[in-house]
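Please read the structure below before turning to the comments.
The values are calculated or read from the model by the stated rules, or taken from the named source; none is laboratory data. All values derive from a computational prediction rather than experimental measurement. Cβ atoms come from the backbone with ideal geometry, glycine included; neighbour counts cover every protein chain shown.
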Amino acid sequence: MSSVERTMEQIYLDSNVKEALEYIKLDNEKTVAEQMEITSIQAPTFQEEARGQYYRSKLIELGLKDVTVDRVGNVFGVRPGTGNGPRIVVSAHLDTVFPEGTDVHPKIRDGNIYAPGIADDGRGLAVVLTLIRALDGANIHTNADILFGATVGEEGLGDLRGVKALFAEREDIDGFISIEPGSPERTTYLATGSHRYNVTYHGPGGHSFGDFGKPSAIHALGRAIAKISDIKAPKEPKTTFTVGTIGGGTTVNTIADKATMLVDIRSTSQEELLKIEEQIISAIHSGAEEENNRWETNSITVEIQLVGDRPAGSQPAESIIVQTALAATKALGFDAILERPSSTDSNVPISLGIPAVTLGGGGEFGGIHTLNEYFNPTDAYFGAQKILLTVLGLAGINSVCEPLLSKHKK
């Protein structure tokens, strides 16, 4: 048995911890009710204010200290520790992918709760609140200060703006836990980075017959796409790219004066991400150059705008934060599974060398990012229990065990 597993066994057998775990189980119905209430407040990316204010009131009601809304809309409060431990963030995200006006009011059918955002990340937001209640209800005093709260801008073109702002403004965070939809078995510890570009070609345009000989913005776009599609990407570390959308032109008999595309580039290695990016940018410029050369002109131009920048990162599976999460999983009797890399709020701390994991809030779910998103609350409390044990292992408990997590070297 490893030292981490021995510490987790010590935590699991503590009477106050057992009380907290039981509290979470008995609190499942209230947690789900809050999950539905939170989900019913619209929160499109960049429009999270109403949900953020509701969440702020919840954190204040639960007695957290220094509850604040920062310049971008993140909402956090502190549950102070004894003063001799690290500082840990436990967070979910406020925003959803759904536009303003979407019907987000939960509806229950056949034991499932249907609502856009009910799992992602209504579940995570509700779990944060039940964790605070459980710690207080069981009178647990951690060594570490714990910042509980929620970020903005995790989804899509929100581009992790909330968590980026959090780490730009603070240098006292030693560990980070992001709560997303997922089962208690799984632990995500690798960060898939991405760069996204909006590319626009401009040209003179004209009539397809009368102005034949003028260059086409669409043809330049096509030349670039052909080159991009031939780029070779490494299988390990996994690195990918795609032209996700294209647009342009007005009619079948028009030489297009404008053409656009959105390009997505991803990798778990920042180095490989940048290598592929360089090749794709070169292909984009070559598309314009070749179309100009074909018609002996220089009238095709291209604009390249970075619209998404999510840092990649990795950490050893043997790191303390990963091993603590795995030990917590096993303590509850589940198989401990290391999840494949993904893109979550944890990307930012991992890229900065700060220990971070993304853990599942429990419950079955499906239809993520669709209008048919659903959540099944049966035994969902196991996710919250796994997160509680992970937090306690990292934070340490006064008079029970020292923190497994060390203070981050700035």
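Among the candidates ILE132, ILE118, single out the residue that is in contact (Cβ under 8 Å) with a residue 60 or more places away in the chain, outside any loop (DSSP other than H, G, I, E, B), in the same structural domain as ILE88 (by TED's automatic domain parsing) and not charged (D, E, K, R). Explain how you work it out, then say what you get.
Details: ILE118 fails: outside any loop (DSSP other than H, G, I, E, B).
Selected residue: ILE132, the only one of ILE132, ILE118 that is in contact (Cβ under 8 Å) with a residue 60 or more places away in the chain, outside any loop (DSSP other than H, G, I, E, B), in the same structural domain as ILE88 (by TED's automatic domain parsing) and not charged (D, E, K, R).
Looking at ARG186, ARG133, can you tell me which residue is surrounded by fewer than 24 Cβ atoms within 10 Å (Cβ to Cβ), touching a strand residue (DSSP E or B) at 6+ places or on another chain (Cβ under 9 Å) and basic (Lys, Arg)? Walk me through how you get there before you give the answer.
Numbers: ARG133 fails: touching a strand residue (DSSP E or B) at 6+ places or on another chain (Cβ under 9 Å).
Only one candidate qualifies: ARG186.
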Considering segment 282-330, residues that are of a type in the set (Lys, Arg) and under 35 Å from the mean Cα position of the chain (by Cα), and then whichever is surrounded by the fewest Cβ atoms within 10 Å (Cβ to Cβ), we arrive at LYS330
Checklist line | Test result for THR45, in contact (Cβ under 8 Å) with a residue 12 or more places away in the chain, touching an Asp or Glu at 6+ places or on another chain (Cβ under 6 Å) and over 22 Å from GLY362 (Cα atoms) | finding: yes
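Listed here are the residues, each with its yes/no results for (1) at pLDDT 95 or above; (2) under 30 Å from LYS107 (Cα atoms); (3) not aromatic (Phe, Trp, Tyr).
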residue	(1), (2), (3)
LEU332	yes, no, yes
ILE337	yes, no, yes
SER342	no, yes, yes
GLY362	yes, yes, yes
GLY367	yes, yes, yes
LEU371	yes, yes, yes
ASP379	yes, yes, yes
ALA395	yes, no, yes
PRO403	yes, no, yes
SER399 fails exactly one of (1) of a type in the set (S, T, N, Q); (2) on the phi > 0 side of the Ramachandran plot; (3) in contact with a His (Cβ under 6 Å, 6 or more places away or on another chain), namely (3)
Conditions (1) farther than 30 Å from THR68 by Cβ; (2) of a type outside the set (Asp, Glu); (3) at pLDDT 95 or above; (4) surrounded by fewer than 20 Cβ atoms within 10 Å (Cβ to Cβ) -> LYS238 fails only (3)
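Look through segment 198-221, keep the residues that are surrounded by fewer than 17 Cβ atoms within 10 Å (Cβ to Cβ) and in contact (Cβ under 8 Å) with a residue 60 or more places away in the chain, and return whichever of them is nearest to MET261 (Cα to Cα). It would help to see each step written out before you state the result.
From segment 198-221, those surrounded by fewer than 17 Cβ atoms within 10 Å (Cβ to Cβ) are 198, 204, 207-213; that's our starting set.
Still in the running and in contact (Cβ under 8 Å) with a residue 60 or more places away in the chain: 198, 204, 213.
Details: ASN198: 6, PRO204: 19, GLY213: 24 Å.
Applying the filter and picking the extreme gives ASN198.
Inside segment 307-342, can you point out the residues that are among the small types (Gly, Ala, Ser) and part of a strand (DSSP E or B)?
Step one: of segment 307-342, the residues among the small types (Gly, Ala, Ser) are 308, 312-314, 317, 319, 325, 327-328, 331, 333, 336, 342.
Those that are among the small types (Gly, Ala, Ser) and part of a strand (DSSP E or B): GLY308, GLY313, SER342.
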